[in-house]
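Worksheet for the structure shown next.
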Amino acid sequence: MTEKEEIEMTPDIYLLKGPMPELKKMTKAQLEQECIMWRNIWDWVPTGVKYYVARTGQLVAITMRNYKRYMGQLLSTHWDIKEIELGVTDVEYDVQSGQRYYERKTIRVGMGGIIDFQIIYDRKSEQEMLEDQEDSENARIDDADTQENTE
């Protein structure tokens, strides 16, 4: 690799001008340099921004000031955290056709319009919860029966 190519591979150059090099083609020293750069950038990000950026891709629910609730995947945050983008499926009623439509869409929500922000780690229907409770109760009974039979 020539000195000119080495200069072009520095993270600060390709971060601003792209494209990023393929990881498999980078040397260990180049990978370390890039890792140091990303850690420095992450250190500069305000804590409030890190909170949302770290949850990108997670299922979340937000409640608007008009009490309409949206649930969807956290797609993006905007660095001043003025707004967030949320991927949702929403039911809309079309007056002309008299039908309900399910719309998968991206909504942009201003932070000032949100009164609640929830990070959803797990979601189950009521039926799933009842089945899980029944399964754990059956397992507990089976364990008690097994212990009783071995004693």
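Values for this structure:
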{"quantity": "At R0 = 30 Å, FRET efficiency that the Cβ-Cβ distance of residue 32 and residue 59 yields, to 0.05", "calculated": "0.30"}
{"quantity": "Amide H within-cut-off set for residue 83, under 5 Å, with H built and near neighbours excluded", "calculated": "78, 111"}
{"quantity": "Potential lengthening between residue 41 and residue 136 on full extension [0.36 nm per residue; Cα-Cα distance subtracted]", "calculated": "29.6 nm"}
{"quantity": "Tilt relative to the chain, helix 28-44 - C-alpha long axis, 0 to 90 degrees, to 10", "calculated": "70 degrees"}
{"quantity": "Difference of contour (0.36 nm per residue) and Cα-Cα distance, residue 108 to residue 91", "calculated": "4.4 nm"}
{"quantity": "Ascending count of other beta-carbon atoms within 10 Å, so fewest first, for 75, 15", "calculated": "15, 75"}
{"quantity": "Centre separation in Å (Cα based) which lies between the stretch 118-151 and the stretch 86-109", "calculated": "37 Å"}
{"quantity": "Excluding exposed DSSP-loop chymotrypsin sites (Phe, Trp or Tyr not before Pro) (at most 12 other C-beta within 10 Å), longest clean stretch of the chain", "calculated": "1-66"}
{"quantity": "In degrees, nearest ten, helix 126-150 long axis to first principal axis of the chain (Cα)", "calculated": "70 degrees"}
{"quantity": "Mean Cα-pair separation over length for the chain, i.e. relative contact order, pairs under 8 Å, 6 or more apart, %", "calculated": "16 percent"}
{"quantity": "Expected 222 nm ellipticity per residue - DSSP helices of 4 or more, -39500 (n - 2.57), all of the chain, to 500", "calculated": "-13000 deg cm²/dmol"}
{"quantity": "Given charges at beta-carbon only (K, R positive; D, E negative), |dipole| of the stretch 39-131 in Debye", "calculated": "260 debye"}
{"quantity": "Two-site FRET efficiency, residue 67 against residue 101, from Cβ-Cβ distance with R₀ of 30 Å, rounded to 0.05", "calculated": "0.85"}
{"quantity": "Alpha-carbon gyration tensor eigenvalues x 5, square-rooted, for the stretch 26-102, Å", "calculated": "39, 16, 8"}
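Laboratory data are not the source of any read-out in this text; all were calculated from the coordinates shown. Quick caveat: nothing in here was measured; it's all calculated off a predicted structure. FYI the Cβ positions are ideal-geometry reconstructions off the backbone, even for glycines, and counts take in every protein chain you see.
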